[in-house]
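Below is one structure; the comments refer to it alone.
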Amino acid sequence: MMQQEKFSVLSRIKSFSHAIAGIRQFILHEHNARIHLVATIGVITAGWLFQVTRLEAAALAAVTGLVWVAEIINTCIERLADLITRERRPEIKIIKDLAAGAVLTAAAIAVVAALFIFIPKFI
Ligand SMILES: Nc1ncnc2c1ncn2[C@@H]1O[C@H](COP(=O)(O)OP(=O)(O)OP(=O)(O)O)[C@@H](O)[C@H]1O
């Protein structure tokens, strides 16, 4: 049977710092992160300009976060796939296309939510 590791605050802090390093790596080295950063600043600015309600702000935060999470996981999958092989392989194509599809799905959800929130403010 596997020995259960004892809970340690220090190791939890270490895990947290690894996660922060991952976010830092993503923002500093991934081109797509810059696109998401600009889009996120755009959403925050629009939310501020159009005085969205707290509920609308929460919805915007959730869908924007969803896109970030999907893109980070997509990047992770792409890196793993490239580590396995750089050869053109149909299996790798399916894996990468699925991961990219997840990002597109999240982005589409974000656009739909933004339209629901912002269009009524124009009419
Ligand atoms: N090893 C491979 N074998 C087969 N197809 C691949 C392979 N690597 C990439 N592809 C195809 O090229 C597409 C783009 O893959 P790539 O790793 O270049 O991502 P990318 O264009 O850099 O994506 P992103 O813009 O999210 O960083 C994949 O979705 C897949 O269809």
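Each value in this text was obtained by applying a stated rule to the coordinates, not by laboratory testing. Note that the structure is a prediction, hence the values are computed from the model and not measured. Here the Cβ is made from the backbone with ideal geometry for all residues, glycine too, and neighbour counts use every protein chain on show.
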In the stretch 17-35, the residues that are among the β-branched types (V, I, T) and either in contact (Cβ under 8 Å) with a residue 12 or more places away in the chain or not in a helix (DSSP H, G or I) (or both)
I23
So if I check each of I77, I41, I23, which one is within 11 Å of the ligand (Cβ to nearest atom) and not polar (S, T, N, Q)?
I77
Here is a list: K14, K96. Which entry is in a helix (DSSP H, G or I), surrounded by 13 or more Cβ atoms within 10 Å (Cβ to Cβ) and among the basic types (K, R)?
K96
Is it fair to say V111 is touching a residue at least 40 places away in the same chain (Cβ under 8 Å) and either within 21 Å of R34 (Cβ to Cβ) or not hydrophobic (A, V, I, L, M, F, W, C) (or both)?
no
Options E78, E87; residue that is of a type in the set (D, E, K, R) and not in a helix (DSSP H, G or I)
E87
